[in-house]
Structures are given as structure tokens and as C-alpha cells.
Amino acid sequence: MKLKLFLLFILLAGFCLNSFAQVAEFSQSKVTEISEAESFARWDFEISSTRYEVLSSGRAKKISAKNTVTKFNLPLGKNETVYSNVFFAQHKTDLILLYEANMGGEGLGYIAAFDSSSMNLKWKAVINGFNVGKGLLENQFAYLTAIGFVAKINLLTGKYVWKHDNLYRRFNENGAFNIFETPELEKSNVIFTEKTHDNIVNIIVANKTSGRIIRTILDGK
């Protein structure tokens with residue numbers, strides 16, 4: 001009997017550890033303006049003594065602690081350049097990059113996963129909108145934002161679990177959902193918040209699993 005109770009305790013303890021959510025924010029890289037001949041700007045960041053450099057052209061390099069250089073390229077469309085923020089996160093053995101691209105004044109976002117050792121591209125996904133915000137990681141998923149866009153993506157496959165990409169058009173009369181803050185989690189829901197310069201608060205609350213929008217709050221009401 002004691003052995004059965006002990007085994008049951010071990011099973012329950014393992015379940016609790018496995019079900020504990022691992023949540024982390026993307027980090028934001030530092031941007032440096034460089035000459036136009038070189039590539040307009042450079043984004044720099046570091047993970048565990050390994051440095052990374054990303055140019056506006058999408059050319060990038062990984063520089064190890066022993067100064068070994070591995071070159072790679074960020075996925076971009078024709079005539080697109082990296083623009084605005086570059087966010088980064090480490091997920092298992094992958095480097096996840098979240099960034100905005102620009103082509104002739106029109107912007108959109110990308111999220112891409114690279115093998116941290118070889119820097120080979122594993123997958124990429126398009127984010128339908130500019131104003132790409134800092135994402136939030138939870139276990140093997142990430143919650144993403146851009147203008148009028150909120151979504152949940154699987155970091156193992158690069159496939160969207162769900163997404164809403166017409167929010168700015170839907171709430172255009174209120175001028176809502178232009179720039180989101182970092183998503184927040186509350187039990188079974190994810191909260192997407194926009195705080196405007198006029199101290200107006202706009203919020204979307206969605207179910208984490210299904211993506212169903214549970215409620216929308218405009219101007220804090």
C-alpha cells in the first residue's frame with residue numbers, strides 16, 4: 001500500500017512539473033545607425049557569450065566566444081529591408097527572431113527559427129502588419145502582435161494555432177489596436193493591451209487554446 005501511494009505521489013509530482021508553464025518575453029536587440037553603404041543599420045544582441053549581428057539587408061552573423069563566425073540570412077521578400085525593432089529569444093536549441101520589414105513605406109513582420117548551431121533556417125512565418133510588438137513565449141508557443149493583429153504560433157512547426165488580423169479595420173472608428181504592449185497571461189486567457197498617447201486603454205482578451213475573443217474593451221470601458 002505504501003509503495004502504491006509513493007508511486008502515485010511520483011506520478012502526480014511529474015505531472016505538476018510538466019504542466020508548469022514556462023513563460024518568457026522576447027528581448028529587444030540594440031540598434032546602431034551605420035553608413036548607407038554598409039546597410040543603413042545594425043542590430044546587435046548576445047545570448048550566453050555568443051554575439052549576433054543583423055544588418056538591414058538581412059545579412060547576419062553569429063560570433064562565438066572563440067570568435068568563430070557563422071553567416072546566415074534573415075528571410076525577406078524582394079526589395080525588403082529589416083526595419084524598426086528586432087526581437088530575439090532562445091527556444092530549446094533554436095534562435096527565434098521576430099522583426100519588421102519595410103518595402104517602399106509599407107511594412108510587415110516576420111518570425112523565423114534558426115538552428116542555434118548551424119544557423120540554418122528551420123521555418124518562417126509572415127505577420128500581417130507593421131508595428132510588430134514584443135512577443136511572449138509560453139512553452140512551445142508564442143503570442144504575437146502587430147497593427148490590428150494578434151496571434152498564437154507553434155515554435156516547433158512555425159504554424160499559427162490561431163490569429164486575428166482584421167482588428168484595426170474592425171475598430172477603425174475608435175482608432176484602436178495600432179500598437180500593442182507585450183501580451184499577458186491570465187489563467188486560460190491571453191490579454192492584448194494597447195495604451196495610446198492619450199492614455200486610452202484598449203484591450204482584447206482571447207482564449208489561449210481556441211483564440212476565441214472573449215471580450216473587447218475600448219477606451220477602458
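The values are calculated or read from the model by the stated rules, or taken from the named source; none is laboratory data. Keep in mind that what you see is a predicted model, and the values were worked out from it rather than measured. Heads up, the Cβs are rebuilt from the backbone with ideal geometry, glycines too, and the neighbour counts pull from every protein chain shown. To get the accessible areas, we keep the full protein, side chains included, count just its heavy atoms, and leave off ligands, DNA and RNA. Shrake-Rupley method; radii C 1.70, N 1.55, O 1.52, S 1.80 Å.
Kindly evaluate ASP219 against the criterion of being free of Cβ contacts under 8 Å to residues at least 12 places away in the same chain and either buried (at least 21 other Cβ atoms within 10 Å of the Cβ) or of a type outside the set (Gly, Ala, Ser) (or both). Spell out how you get there, then give the answer.
Working: free of Cβ contacts under 8 Å to residues at least 12 places away in the same chain: no; either buried (at least 21 other Cβ atoms within 10 Å of the Cβ) or of a type outside the set (Gly, Ala, Ser) (or both): yes.
So ASP219 fails the test.
Looking at region 58-75, can you tell me whether even one residue there is closer than 30 Å to SER210 by Cα, at pLDDT 95 or above and either of a type in the set (Gly, Ala, Ser) or over 13 Å from the mean Cα position of the chain (by Cα) (or both)? I'd like the intermediate steps shown before the answer.
Taking region 58-75 first, the residues closer than 30 Å to SER210 by Cα are 75.
Narrowing further to those that are at pLDDT 95 or above: 75.
When the remaining residues are screened for being either of a type in the set (Gly, Ala, Ser) or over 13 Å from the mean Cα position of the chain (by Cα) (or both), the result is 75.
Yes, region 58-75 contains at least one residue that is closer than 30 Å to SER210 by Cα, at pLDDT 95 or above and either of a type in the set (Gly, Ala, Ser) or over 13 Å from the mean Cα position of the chain (by Cα) (or both).
Scan the strands (runs of 3 or more DSSP E) fully inside region 76-195 and keep the ones with 2 or more residues being among the small types (Gly, Ala, Ser) and either touching a strand residue (DSSP E or B) at 6+ places or on another chain (Cβ under 7 Å) or open to solvent by 10 Å² or more (accessible area, probe 1.4 Å) (or both).
Numbers: elements: 81-91, 94-103, 106-115, 121-127, 136-138, 141-146, 149-154, 160-164, 184-186, 189-195.
Result: 81-91, 106-115, 141-146.
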Answer yes or no as to whether ASN67 is farther than 26 Å from GLU181 by Cβ, touching a residue at least 12 places away in the same chain (Cβ under 8 Å) and surrounded by fewer than 17 Cβ atoms within 10 Å (Cβ to Cβ).
-> no
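Among the residues that make up region 104-123, is at least one of them of a type in the set (Val, Ile, Thr) and either within 27 Å of ASP165 (Cα to Cα) or in contact with a Gly (Cβ under 8 Å, 6 or more places away or on another chain) (or both)?
Within region 104-123, one or more residues are of a type in the set (Val, Ile, Thr) and either within 27 Å of ASP165 (Cα to Cα) or in contact with a Gly (Cβ under 8 Å, 6 or more places away or on another chain) (or both).
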